[in-house]
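A.B. asks: Here it is, the structure in full.
The values are calculated or read from the model by the stated rules, or taken from the named source; none is laboratory data. Fair warning: this is a prediction, and the values are worked out from it, not measured in the lab. Glycine also receives a Cβ, built like all others from the backbone with ideal geometry; neighbour counts cover every protein chain displayed. Only protein heavy atoms, including side chains, enter the accessible area calculation; ligands, DNA and RNA are left aside. Shrake-Rupley method; radii C 1.70, N 1.55, O 1.52, S 1.80 Å.
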Amino acid sequence: MRKHKCKTMKRYIIVILVLCLSGIPSMLGVLKANEHVTKEEDGREYRWHRHKPTYFVGRNGVFFDGRPIKDASPSSFRILGDGYAVDNWHVYYRGNVMAEAALSLEVLGYGYVKDAWNVFYDGRKIEGASAGTFSVISDWYAKDNWSVFFDGKKVDGASPGSFKVLRDGYAKDNWAVYYDGIKVKDASPDSFSCRRGGYAEDNWSTFYRGKKLD
């Protein structure tokens, strides 16, 4: 009787092990898919990572990502945020000197900064941007009195006077709808509204991440 119970228990254990092992590939597939979604999520995760400061000010020097910043002054070094920093002589972006930037640099957020003369994004000067009227809206969108910008690049045809950022990368002005700075074809700004997870609608169509669904 005892031997029969032991054999039965062994069969149960074997069945459970087989079921668990058969589920591992599918679980790995789910994890891999989730990882893919995180990396591909409109590039937002990547953009945030770019702007995380990893400076270290030590007694023997200043470092970024484990490499020394040549001639940086530990005593006057200040971390401004979004990868930017300054000492008494230079402005830095991710440990590299920004030769065109003034020491009075102002951090605006989402990778944008400006001084009295120029606007920069990710350490690069934005040609044609007006520092005096430049401001950040949200979600990597910004504007001055003449242009709208996304991810540091001018948004073609966008009107700064009526431009509004919605959510999930969507924005609109009085004449068009935009997704991550690109005009959304066939979208009506008057009736356009955002849903969840990259979906949006107007009175005639449904859109997903800026693309019209048939």
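A.B. asks: K125 versus S76, label points 7 Å from Cα toward the beta carbon: distance in nm?
C.D. replies: Using points 7 Å along Cα→Cβ, the separation is 2.3 nm.
A.B. asks: Ignoring any ligand, DNA or RNA, what whole percent of the accessible area of region 143-194 comes from carbon and sulfur when the probe is 1.4 angstrom?
C.D. replies: On the way: 1210 of 2600 Å².
Accessible surface attributable to carbon and sulfur in region 143-194 totals 47 percent.
A.B. asks: Moving on to the next point. Run through region 87-120 and list the chymotrypsin sites (Phe, Trp or Tyr not before Pro) located in a DSSP loop whose Cβ has at most 13 other Cβ atoms within 10 Å. Intermediate results must be reported in sequence, preceding the final value.
C.D. replies: On the way: sites: W89, Y92, Y93, Y110, Y112, W117, F120; in loops: W89, Y110, W117.
Here the sparse-neighbourhood loop sites are W89, W117.
A.B. asks: Given a Förster distance of 22 Å, report the FRET efficiency between S193 and K153 from their Cβ-Cβ distance, rounded to the nearest 0.05.
C.D. replies: FRET efficiency, S193 to K153: 0.25.
A.B. asks: Any of K125/K185; K143/K183; K154/K183 with alpha carbons more than 18 Å apart? Name them for me.
C.D. replies: Pairs exceeding 18 Å: K125/K185.
A.B. asks: Moving on. What accessible area per residue, rounded to a whole number of Å², is obtained for region 91-147 using a probe radius of 1.4 Å? Intermediate values should be presented prior to the final figure.
C.D. replies: Numbers: 2540 Å² over 57 residues.
With all protein chains present, region 91-147 gives 45 Å² per residue.
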